Structure formats: C-alpha cells, structure tokens
1. Is it the case that some residue within the range 104-117 is over 19 Å from the mean Cα position of the chain (by Cα), open to solvent by less than 70 Å² (accessible area, probe 1.4 Å) and over 30 Å from Thr40 (Cα atoms)?
2. List the number of the failed condition for Leu105; all other conditions in (1) of a type in the set (A, V, I, L, M); (2) within 16 Å of Tyr167 (Cβ to Cβ); (3) outside any helix (DSSP H, G or I) hold.
3. Looking at the range 123-139, I want the residues that are closer than 16 Å to Asp149 by Cβ and have a partner that is part of a strand (DSSP E or B) and open to solvent by 10 Å² or more (accessible area, probe 1.4 Å) with Cβ atoms under 6 Å, at least 6 apart or on another chain. Which pairs are those?
4. Would you check which residues across the range 134-187 are of a type in the set (Phe, Trp, Tyr) and closer than 13 Å to Tyr68 by Cα and list them?
5. Suppose the filter is over 20 Å from Met1 (Cα atoms), open to solvent by less than 30 Å² (accessible area, probe 1.4 Å), at pLDDT below 90 and out of contact with any Cys (no Cβ under 9 Å at 6 or more places or on another chain); does Asp129 pass it?
6. Does the range 198-220 contain any residue that is over 30 Å from Met18 (Cα atoms), of a type outside the set (Ser, Thr, Tyr) and out of contact with any helix residue (DSSP H, G or I) (no Cβ under 8 Å at 6 or more places or on another chain)?
7. What are the residue pairs meeting all of these: first residue in the range 190-204, first residue surrounded by 10 or more Cβ atoms within 10 Å (Cβ to Cβ) and in a loop (DSSP other than H, G, I, E, B), second residue of a type outside the set (Gly, Ala, Ser) and at pLDDT below 80, Cβ atoms under 8 Å, and 6 or more apart or on different chains?
8. Considering each residue of the range 218-263, count those that are in a loop (DSSP other than H, G, I, E, B) and touching a Ser or Thr at 6+ places or on another chain (Cβ under 7 Å), and give that number.
Amino acid sequence: MQFEDVLKDAYRDEFGRMAGMAMFPYFQKEIEVVCAPKVTPEYVQKTLGWLAEIDEKCMKEICRFASYYLQDELEKTSIGELMDEGAQHLESPLDVLKYMEFGLLEIEEPEDPNLPVLNLGGGCDWREDEGIQCLIRDGQVIYLGLWNDCSVWGRHYGDDDQYLSNYVLYESREERRARTAERLKNKPLEQFCHLEIPMSSPIRKFVEMKLASMEECTRKEAWEKFEHTLLFEFMKDYPELVAENADFLYRCFCIEREKGPGDMAEYIETTCKWSFIEAKKSEG
C-alpha cells in the first residue's frame, strides 16, 4: 500500500512528513492529514477508519467541552464584543460548530497501533491565534483546549493541575482547584527556570509544553534535558529556527540526544528552507 492509496494529493512536506487530504465523514468535507515520519500507509488507513466512526454522540461531547472553552474566554476576555449574540447564548452544544472547525488530523507514531486515537486541530473564533486541539483515545475525549502540539499518547491530561487548560476537566474545575491548592500548601511553588527567557517566548512554550509532554516530565525536568543542548543555543541565536514547527524542533532535540550535535545541525541545514549562513548574513 502507498500513501497515495489513502491520501488525496499525497506529498512529503519540508519536514519529511507525508501529508495530504482525506474526508472527515461527519462533516462531509476534506481535511489536511499530516503523518509522523515512521507512520505507515496501513496505519493511516486504520486512523481514517477511526475518524469515520465519529458520530453524533461523540461530536456532542466534543462540542460540550468546546462550549466550555468558549464560555471561559467570554468570561475572561472581551472577545464577546467581536462575536455575534449567538455565541454568548448557545441553545445546544452543537451550536458551537458555527464558531469553530477542525481542519487538521495529525497522525503520530503509534505506541499501540490497535488503540483508536485521533489528534484533531483547527480554528475557533474566540482564540484565532491559538486555535483548538482535541485528543481522543479509545473512544474518550482526553483533551480539548487551545492548540499546544499535545501528543495523543500523553498521560497527564487528567491530572488535577491541568484543570485550567483542559476543558474536559471543566465540570470538576472547582474541586480540582481546591485539591491542587491543598496539595501546594505544604509544597514550595515550582521555580520558573531560565528567567532570562520571557514567559511569552516560543522557546519557553516549546520546552514547557511540547518537550515536557513528549518526554512525560515536569517543566523543570524538561529544562534540565534542554538547557545544555546546542539546539537551545541555536534557538536563542536564530529566530528562523524558533519559528519552525514544534514537531520538527522535537525531532532536532532527539537527533542531538541520539546522534550528537553535528548530526542535528546538519539535519537543520539540509531540511529548512533557510540556512545558518544566510541567517547570519541577514543579521549582519
């Protein structure tokens, strides 16, 4: 089987991933599909079968969590002034689909190829810059919130300290907030690492969200893994690298760890559309 057999207009993107279009049967529309490097056409076919199984019951659950996401933003921000009245008074959870859409299916390398998983991404009117991400594992929505490059194989989405970011936990938010506060009473607050890196920096987002998620570790442990790498130095020196996809950056991290900084630098130079030399010239 070839990727062309399961994806329309299949091609290999600049990060070496196979991509193309496929039908999302529930919406009767095509969405983009992006596959991790080691994903096979057979696994893509299996994943598209799971996508086809999304029915009204599952979509209502997704929309219920999405409506909490919308409601939270309406309460915290002034975004409601830019949206119509309907967004503030949804008659049913499915009405939230007027203000959001899924346009991406990411297929990660499977930990268990027989466990149904879906990693969906898209846009929403209430967080246009960050968008929306929905992770489904074994028929259950395990994460819904802003797009964070989360892995569908992550294990911590149900933890109490995720109550602010994961709207699957929204209905038990106050209970989880209380438990988290109680736990922190006798525990020192985690110190922010590398205070020279702004809190809004994409570097911090990569380390504390993507790297911590993929390595299944704390933010502090993620920084300990990252702070002495050449990749960290490159990301501080080259804005072009920071702008790259988080999956690409994580592959760079893994290459440096497994093969060394030289191989990592060569991978960046041969994969990216920009070069270290040209970037340095532009700085000068």
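1. no
2. With (1) of a type in the set (A, V, I, L, M); (2) within 16 Å of Tyr167 (Cβ to Cβ); (3) outside any helix (DSSP H, G or I) applied to Leu105, the lone miss is (2).
3. Matching pairs, first to second residue: Gly131/Gly123; Ile132/Met100; Ile132/Gly122; Leu135/Ile142.
4. If the condition is that a residue be of a type in the set (Phe, Trp, Tyr) and closer than 13 Å to Tyr68 by Cα, then Tyr143, Tyr163, Tyr167, Tyr170 are the ones that fit.
5. no
6. yes
7. Phe192/Met199
8. The qualifying residues number 0.
The values are calculated or read from the model by the stated rules, or taken from the named source; none is laboratory data. Predicted, not measured: the structure shown is a model, and the values here were computed from it. Using ideal geometry, Cβ is built from the backbone for each residue, glycine included, and neighbour counts are taken over all protein chains shown. These area figures cover heavy atoms from the full protein model, side chains too; ligands, DNA and RNA do not enter into them. Shrake-Rupley method; radii C 1.70, N 1.55, O 1.52, S 1.80 Å.
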